[in-house]
1. State the three equivalent ellipsoid semi-axes of the chain, derived from the C-alpha gyration tensor as the square roots of 5 times its eigenvalues, in descending order and whole Å.
2. Sum up the charges of everything whose Cβ sits under 12 Å from the Cβ of Ile11, counting Lys and Arg as +1 and Asp and Glu as -1, but leave Ile11 out.
3. Round to a whole number: what % of the accessible area of the stretch 1-109 belongs to carbon and sulfur, probe 1.4 Å?
4. Per residue of the stretch 146-163, what does 6.51 cos²θ - 1.76 cosθ + 1.60 with θ = phi - 60° give for ³J(HN,Hα)? Whole Hz please, x for Gly and Pro, Karplus curve as stated.
5. Express the relative contact order of the stretch 110-251 as a whole percentage, based on alpha carbon pairs under 8 Å and six or more residues apart in sequence.
6. Compute the Cα gyration tensor for the stretch 20-127, then decide on rounded, prolate or oblate, letting a ≥ b ≥ c be the square roots of its eigenvalues: rounded whenever a/c is under 1.5, prolate when a/b is larger than b/c in the other cases, and oblate in all that remain.
7. Within 10 Å of each candidate Cβ there may be at most 13 other Cβ atoms; applying that plus a DSSP loop requirement, which GluC sites (Glu not before Pro) in the stretch 136-173 survive?
8. What trypsin sites (Lys or Arg not before Pro) in the stretch 111-215 are in a loop by DSSP, with at most 12 other Cβ atoms within 10 Å of the Cβ?
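The values are calculated or read from the model by the stated rules, or taken from the named source; none is laboratory data. The structure presented is a predicted model; accordingly, all values stated were derived computationally and were not measured. Neighbour counts run over all protein chains shown; Cβ positions are idealised from the backbone, glycine included. Calculation scope for accessible area: heavy atoms of the full protein, side chains included, ligands and nucleic acids excluded. Shrake-Rupley method; radii C 1.70, N 1.55, O 1.52, S 1.80 Å.
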Amino acid sequence: MKAWNKDGKPIDHPKPWGLPGVFTTLRVMTDRKTPFCEDYLTRLRESAEKIGLPWIPTLEEIEEIMIGFLSEVDPDHGLLRICLFEDSIGYSSRPASSDGNPVEGWLLHYRRPEPTVKSTIEKNLYGTLQELDIEREDWIINDPKENDIRETATSNLIFVQNNQLLIPDKWVLNGIILQKLLPQLRDNFSITRGIPQDQEISSFTEILLCGTGRGIAPLTSLPELGWSSVSNDTFTKIRTFYEEILQTAGA
């Protein structure tokens, strides 16, 4: 974990949750390549612009520091987090230990202030992940006003009913991995864009998590809504698509 101020001088990496800023997480392959890197860094800068950060480094500056940081990172660390704060930039890495793991979901009654931005200010969301076994648990965000299920603290959601997929597209962060998968999903499934109410969850046979850290992972249960998965067929198929795009991007 390292950080630098806007003058390029090393500083202690601040504790991110609760500070004004934005962040993104990238997958790091064994050869230290980062699939879809430009997409992630472009979104990071766009997010910084949305919340009005006073200092936003260029793509070239972010990537130059990133390459130097990755050269010193344990090759087993498959995830890289980059944070932009008001006057500094921070990098940290960790193993991709949640990749593909079955996930138990727990409701978090929460409304994100700006859903299209991954903001470090959201301490009540990201800061509470430490309460869970993040490798096998996640917060399922339940909007307290609309009573709908939009995304998780770490991932987009894909709701499965037979050969039909329901994928939220409003009031959520449309993740990079989901966007890369959509062409193959459209070729193989019937897709509807929308957000299910919490009482509608029982109609789905599978619910999948889609994100950088988890890749494609199956939700096994959502005990508070009395839901549990009854199939893994769609997970297996979409997981194969995910592994294909990752290998192509890292080639």
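1. For the chain, the semi-axes come out at 31, 20, 16 Å.
2. Result for the local shell: 0.
3. Roughly 49 percent of what the probe reaches on the stretch 1-109 is carbon or sulfur.
4. After applying 6.51 cos²θ - 1.76 cosθ + 1.60, I find 8, 6, 10, 10, 10, 6, 10, 5, 10, 8, 6, 10, 10, 9, 10, 9, 6, 9 Hz.
5. 20 percent.
6. In terms of gyration-tensor shape, oblate.
7. Passing both the DSSP loop test and the Cβ count: Glu146.
8. Taking the stretch 111-215 and a limit of 12 other Cβ atoms within 10 Å, the loop trypsin sites (Lys or Arg not before Pro) found are Lys145, Lys170.
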